[in-house]
Structures are given as C-alpha cells and as structure tokens.
Amino acid sequence: MSTGIIGRKVGMTSVFDEEGNNVPVTVIEASPNVVTQVKSADGSDGYDAVQLAFGDRKEKNTPSSLRGHFDKAGTEPKRVLKEFRDFGEEVALGDEIRVEDLFEEGDLIDVAGVSKGKGFQGVVKRHGFGGVGMATHGQSDQQRHSGSIGASAGCRASQASS
C-alpha cells in the first residue's frame with residue numbers, strides 16, 4: 001500500500017521530545033491535495049493508481065490540455081501532479097486529501113524530495129574554496145577560480161625521471 005501526499009518544504013525548526021532532547025525537524029506544508037485522476041486495472045490504463053495535484057498555479061500559465069484535465073476534476077489549475085499506485089483509500093475524482101485523513105500522530109513515514117539543483121558550480125560554491133582573495137595585482141576575473149589546489153602530476157613526473 002503506497003498511501004501518499006504531496007507537500008512543499010517550508011523550513012527547519014526544532015522540538016523537544018519527552019526526555020528533553022532537542023530534535024531537529026523539517027516543516028512541510030501539505031495543503032489539501034486534489035484527486036485529478038483515478039486509474040483502474042480493468043480500465044484502459046491497465047493498473048490501479050491515483051493522481052494527486054498540489055499547489056496553485058495561474059490559469060494563464062497552464063497549458064490548455066492541462067486546463068481541461070483540471071476542469072474534469074472540478075478544481076483550479078495546480079502546479080504539481082504526482083501519481084500514487086495502489087492508493088490505500090477509495091477516492092473519487094475531485095476529492096480533497098488531507099494529512100489528517102491519511103496519517104496519525106506518531107506514524108513513521110518515508111519522504112522523498114527533489115533538490116533545487118545548482119547546475120555546474122565553481123569551486124567557491126561546490127567545495128567551499130575561498131577564491132583568490134585579492135582584486136588587484138592583475139587579478140582580472142580570477143577571484144572565484146580554483147588556483148593552486150595542491151601537488152599534482154608535476155611532482156610525480158619529476159620523481160619518475162630521476
């Protein structure tokens with residue numbers, strides 16, 4: 001059974017458990033998810049699944065094919081669409097799924113996320129290098145470059161020749 005809900009990370013905070021330990025927690029906004037499609041094994045889909053939608057989206061930024069999809073479900077356009085196979089509960093098109101409908105306090109859950117992605121990074125952001133430091137003495141556009149990062153093939157080449 002793969003019951004699930006779509007949410008968005010809001011931030012981090014901490015709470016205290018029964019023994020007084022400070023526990024870091026992630027705050028997730030999981031506003032009501034809307035059922036936008038119900039797939040069934042005996043239908044044309046060939047498998048059981050429920051498609052949920054989360055997060056509002058402007059109608060002008062929604063493709064017309066998706067507008068029709070949301071109109072059929074009777075909801076406003078949403079930003080994220082995800083499919084959950086073998087959804088634990090019986091749901092109908094247009095139903096709202098809330099956190100309290102699926103989970104109880106103390107339930108253990110698995111969370112999957114997507115990172116922001118930072119593309120191809122330079123050494124300052126990727127490895128925490130400080131950069132060259134000075135903006136003078138001919139340092140044209142070299143402040144964030146790697147510079148010398150230690151011994152390299154030059155040392156091995158000199159050892160091999162001797």
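Remarks
- Any hit, the range 100-110, residues being of a type outside the set (Ser, Thr, Tyr), in contact with a Gly (Cβ under 6 Å, 6 or more places away or on another chain), on the phi > 0 side of the Ramachandran plot and modelled with pLDDT of 75 or more: no
- Screening the candidates Gly122, Gly131 for the property of being touching a helix residue (DSSP H, G or I) at 6+ places or on another chain (Cβ under 8 Å), surrounded by 10 or more Cβ atoms within 10 Å (Cβ to Cβ) and farther than 25 Å from Gly11 by Cα yields one hit, Gly131.
- Test: residue in the range 94-111 that is open to solvent by 70 Å² or more (accessible area, probe 1.4 Å), assigned to a loop (DSSP other than H, G, I, E, B) and either among the aromatic types (Phe, Trp, Tyr) or in contact with a strand residue (DSSP E or B) (Cβ under 7 Å, 6 or more places away or on another chain) (or both): no
- Exactly one residue among Val91, Val114, Val124 is farther than 30 Å from Glu18 by Cα and not in a loop (DSSP other than H, G, I, E, B), and that residue is Val124.
- Counted residues, the range 44-66 - those being open to solvent by less than 80 Å² (accessible area, probe 1.4 Å), farther than 19 Å from Ala30 by Cβ and either more than 23 Å from the chain's Cα centre (by Cα) or among the aromatic types (Phe, Trp, Tyr) (or both): 4
- Within the range 40-65, tally of residues that are part of a strand (DSSP E or B), within 16 Å of Phe84 (Cβ to Cβ) and of a type outside the set (A, V, I, L, M): 2
- Among the residues examined, Asn33 does not qualify as of a type outside the set (A, V, I, L, M) and modelled with pLDDT of 95 or more.
- Within the range 76-88, being assigned to a strand (DSSP E or B), touching an Asp or Glu at 6+ places or on another chain (Cβ under 9 Å) and within 24 Å of Pro63 (Cβ to Cβ) holds for Lys78, Arg79.
- Verdict on Glu18 being under 16 Å from Ile97 (Cβ atoms) and surrounded by fewer than 15 Cβ atoms within 10 Å (Cβ to Cβ): no
The values are calculated or read from the model by the stated rules, or taken from the named source; none is laboratory data. Quick caveat: nothing in here was measured; it's all calculated off a predicted structure. A quick note on method: Cβ atoms are made from the backbone with ideal geometry, for glycine too, and the neighbour counts reach across all protein chains shown. Note: accessible area is taken over every heavy atom of the protein model, side chains too, but ligands, DNA and RNA are not part of it. Shrake-Rupley method; radii C 1.70, N 1.55, O 1.52, S 1.80 Å.
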